[in-house]
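Single-structure report; data block below.
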Amino acid sequence: ERIPEAKPRWNPKPEQVRILEAVFNSGMVNPPRDEIRKIRVQLQQYGQVGDANVFYWFQNRKSRTKLK
């Protein structure tokens, strides 16, 4: 029985975090799918990233904001 390989976790680079934070702080806390795609294209200049990574980053960032 084979166990599928786990995908390595995405660790955003400092430049990517800067872009994501700037978008989040501009008021876009829940970007629609087309915006997520645009953000991903921007982030890919600094390394591999998928739409899902961007989506979950915003979801997690929003929940961290609520905890404070």
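Note on the chain: helix-only mean residue ellipticity at 222 nm, from DSSP H runs of 4+ residues weighted -39500 (n - 2.57) and normalised by residue number, equals -19000 deg cm²/dmol. The long axis of helix 14-25 is offset from the longest Cα principal axis of the chain by roughly 50 degrees. Shape summary of the chain, radius of gyration then Dmax from alpha carbon positions: 13.4, 49 Å.
If I fit a long axis through the Cα atoms of helix 33-43 and take the longest principal axis of the Cα atoms of the chain, what angle between them do I get, 0 to 90°, rounded to 10? So the inclination is approximately 80 degrees. Considering only protein heavy atoms and a probe of 1.4 Å, how much of the accessible area of the chain is carbon and sulfur, as a whole percent? Whole-percent figure for carbon plus sulfur exposure: 51. Taking every alpha-carbon pair under 8 Å whose residues sit at least 6 apart, the chain reaches a relative contact order of 34 percent. Within the chain, the longest segment free of exposed loop sites, counting GluC sites (Glu not before Pro) that fall outside DSSP classes H, G, I, E and B and have at most 13 other Cβ atoms within 10 Å, spans 6-68. Within a Cβ distance under 14 Å of residue 51, other residues only, what is the Lys/Arg minus Asp/Glu net charge? With Lys, Arg at +1 and Asp, Glu at -1, the net is +2.
To the nearest ten degrees, helix 51-67 and the longest principal axis of the Cα atoms of the chain are 60 degrees apart.
The values are calculated or read from the model by the stated rules, or taken from the named source; none is laboratory data. Keep in mind that this is a model prediction, so the values were computed, not measured. Every residue, glycine among them, receives a Cβ derived from its backbone with ideal geometry; neighbour counts consider all protein chains shown. Note: accessible area is taken over every heavy atom of the protein model, side chains too, but ligands, DNA and RNA are not part of it. Shrake-Rupley method; radii C 1.70, N 1.55, O 1.52, S 1.80 Å.
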